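Inspection log for the structure reproduced underneath, given as structure tokens.
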Amino acid sequence: MKITVLSGGVGGARFARGLRALVPTAGITVIANTGDDMWLHGVRVCPDLDTLMYTLGDAVHEEQGWGRRDESRRTSDDLAAYGLGWEWFTLGDLDLATHLARTELLRGGLPLSQVTARLAERWAPGVTLLPMTDDEVETHVLTADGRDLHFEEWWVRHRAALPAARFVQTNLATATPAPGVLAAIADADVVVVPPSNPVVSVGTILAIPGIRDALRTTAAPVVGISPMIGGAPVRGMADACLTAIGVETSALAVARHYGRRPDGVLDAWLVDDRDADAAHALESEGWAAGSANTLMTDVPTTARIAADALALVGALP
């Protein structure tokens, strides 16, 4: 069985871990958002790729959902003593080793997809991990008061409190899917859109030329899990992102934002029990839809959520 997942950071990583526990013999490919990537202190930081590697490699800081367990920050503290670095975005010492390794390999001429495969060898994630593109695509936020901020500054430093006028992804028009991405979608038995940010995580993946069309035309069913529960994001500030593009923060609105094939990208949508009315509404519109407890509290619970999603499209092994 071949399963392809389109993933952002924490939510997508936790879902992929549960999916792997549910179907350990499946060939799982995770296509990761790289629109949050940035250059910092001369090294290339890929937040979502790293969160996926650490989570699936059993090295993540479980409480915060990102970064390394048992991390320290001596290097960042010493940079601060020189008056350098950003207080709002510190690189842990262990995490910095990952970024240094990635940067050395990139500067040696390897594309990001090959670098990712090389780094993932250490963590044995049990999935094939692919960046959405080998090109440098970075998300910027144009705020209502006229500022142009890298997404991470808007998200981490300002906690998305500055109203966003729009999001701009640099180099998007000329970016191409990384090797293996389109094949992973075309050859899948099922494609899953996990509960990741629909605007700047999954939305950025879909914006890479060719990926949205691949989802519309794949023979595999495409099922999504709502990142909203009871009209609020499960995690983070996705509501601020949705507001910026004029989409209501609700399970129903996000499903309609993705759209149903052939015009959209989904065949089915799983919502939380608290949003069961949304599932009923989508069913009346011809969707395969259902509700369950979708709060990913631990791996067994997340595996059950994955099972509920796959059952919607008859894809359980």
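What percent does the relative contact order of the chain come to when contacts are Cα pairs within less than 8 Å and at least six residues apart? Before the final figure, lay out the partial values.
Values: 655 pairs, mean separation 60.7, N = 317.
About 19 percent, as a whole number.
Rounded to the nearest 0.05, what FRET efficiency do Asp148 and Asp273 give with R0 = 41 Å and r taken as the Cβ-Cβ distance? Could you check?
Working: r = 41 Å, r/R0 = 1.00.
Efficiency computed from Cβ-Cβ geometry: 0.50.
Per residue, how much space in cubic angstrom lies within the convex hull of the C-alpha atoms of segment 141-195?
Details: hull volume 6.8 nm³, N = 55.
Enclosed volume per residue, from the Cα hull, is 124 Å³.
Under the rule of at least 5 residues apart or a separate chain, name every residue whose amide H is placed under 5 Å from the amide H of Arg69.
Long-range HN contacts for Arg69: Val60, His61.
Which of Val60, Val168 comes first, and how do the rest follow, when ranked by fewest Cβ neighbours within 10 Å?
On the way: Val60 23, Val168 13.
Taking fewest neighbouring Cβ atoms as first place, the list is Val168, Val60.
By counting other Cβ atoms within 10 Å of each Cβ, how are Tyr258, Tyr54, Tyr82 ranked from fewest to most?
Numbers: Tyr258 19, Tyr54 24, Tyr82 7.
Listing Tyr258, Tyr54, Tyr82 from fewest to most nearby Cβ atoms yields Tyr82, Tyr258, Tyr54.
Please compute the length gained on full extension between Asp77 and Ser284, using 0.36 nm multiplied by the number of residues separating them and subtracting their Cα-Cα distance.
Working: separation 207, 0.36 × 207 = 74.52 nm, distance 5.62 nm.
Result: 68.9 nm gained on full extension.
About the Cα centre of segment 1-129, how large is the charge dipole given +1 on each Lys and Arg Cβ and -1 on each Asp and Glu Cβ? Please answer in debye to the nearest 20. Present the calculation step by step, with values, prior to reporting the outcome.
Details: 13 positive and 16 negative charges, 114 e Å.
Dipole magnitude for segment 1-129 comes out near 540 debye.
At q = 0.12 Å⁻¹, what log₁₀ I(q)/I(0) does a Debye calculation on the Cα points of segment 91-159 give, no solvent, two decimals?
-0.46
About its Cα centre, how strong a charge dipole does segment 187-315 have in debye, to the nearest 20, once Lys and Arg get +1 and Asp and Glu get -1 at the Cβ?
Computed about the Cα centre, the dipole is about 240 debye.
If Lys and Arg each add +1 and Asp and Glu each add -1, what is the summed charge of the other residues whose beta carbon sits under 9 Å from the beta carbon of Glu136? Walk me through the numbers on the way to the answer.
Numbers: positive: Arg44; negative: Asp37, Asp134, Asp135, Glu138.
With Lys, Arg at +1 and Asp, Glu at -1, the net is -3.
Note down the magnitude of the dipole of the chain about its Cα centre, charges +1 on Lys and Arg C-beta and -1 on Asp and Glu C-beta and zero elsewhere, to the nearest 20 debye. Kindly include the intermediate steps, with their values, before the conclusion.
On the way: 25 positive and 39 negative charges, 81 e Å.
Value, rounded to 20: 380 debye.
Among DSSP bridges having both ends in the chain, what percentage is antiparallel? Round to the nearest 5.
Numbers: 16 of 41 bridges.
The antiparallel fraction comes to roughly 40 percent.
Which length gain, in nm to one decimal place, applies between Ala165 and Arg118 when the Cα-Cα distance is subtracted from 0.36 nm times their residue separation? Each step should come with its number before you reach the end.
On the way: separation 47, 0.36 × 47 = 16.92 nm, distance 3.81 nm.
Fully extending the segment from Ala165 to Arg118 adds 13.1 nm.
Of Ala244, Ile205, Leu162, which is farthest on the positive side of the dipole of the chain, counting Cα position, with +1 on Lys and Arg Cβ, -1 on Asp and Glu Cβ, and the Cα centre as origin?
The residue sitting most towards the positive pole is Ile205.
If you take the charge dipole of segment 73-132 about its Cα centre, with +1 on Lys and Arg Cβ and -1 on Asp and Glu Cβ, which of Ser76, Leu96, Leu129 is farthest toward its positive end?
It is Leu129.
So which helices of the chain fit the span-like rule, where a helix is a whole DSSP H run, its Cα atoms reach 15 Å or more along the axis, and its mean Kyte-Doolittle is at least 1.0? Don't skip to the end; give the middle numbers.
Working: long enough: 10-22 (18 Å, 0.41); 93-107 (21 Å, -0.10); 112-123 (17 Å, -0.25); 299-312 (20 Å, 1.02).
The answer, listed by residue number, is 299-312.
Please work out the C-alpha center-to-center distance from segment 156-230 to segment 40-62 and express it in whole Å.
For segment 156-230 versus segment 40-62, the Cα centre distance is 19 Å.
Report, for segment 204-317, the % of DSSP beta bridges that are antiparallel, rounded to 5.
Values: 2 of 11 bridges.
Percent antiparallel among DSSP bridges in segment 204-317 is about 20.
Per DSSP H run of at least 4 residues, take -39500 (n - 2.57); add these up for the chain, divide by its residues and hand me the 222 nm value, nearest 500 deg cm²/dmol. Write down the numbers at each step before the final one.
Working: 12 runs with 115 residues, N = 317.
That calculation yields -10500 deg cm²/dmol at 222 nm.
After finding the eigenvalues of the alpha carbon gyration tensor for segment 1-60, what semi-axes result from the square roots of 5 times each, listed largest first in whole Å?
Numbers: eigenvalues 114, 27, 14 Å².
Equivalent ellipsoid semi-axes, largest first: 24, 12, 8 Å.
Give, in whole angstrom and from largest to smallest, the semi-axes √(5λ) of the equivalent ellipsoid of the chain, with λ running over the eigenvalues of the Cα gyration tensor.
Equivalent-ellipsoid dimensions as semi-axes: 30, 22, 19 Å.
So between Trp66 and Thr243, what do we pick up on full extension, going 0.36 nm a residue minus the alpha carbon distance?
Numbers: separation 177, 0.36 × 177 = 63.72 nm, distance 2.52 nm.
That pair, Trp66 and Thr243, stretches by 61.2 nm at full extension.
Every number in this text was worked out from the coordinates using simple rules, so none of it is lab data. This is a predicted model, so every value here is computed, not measured. Cβ: placed from backbone, ideal geometry, glycine included. Neighbour counts: every protein chain shown.
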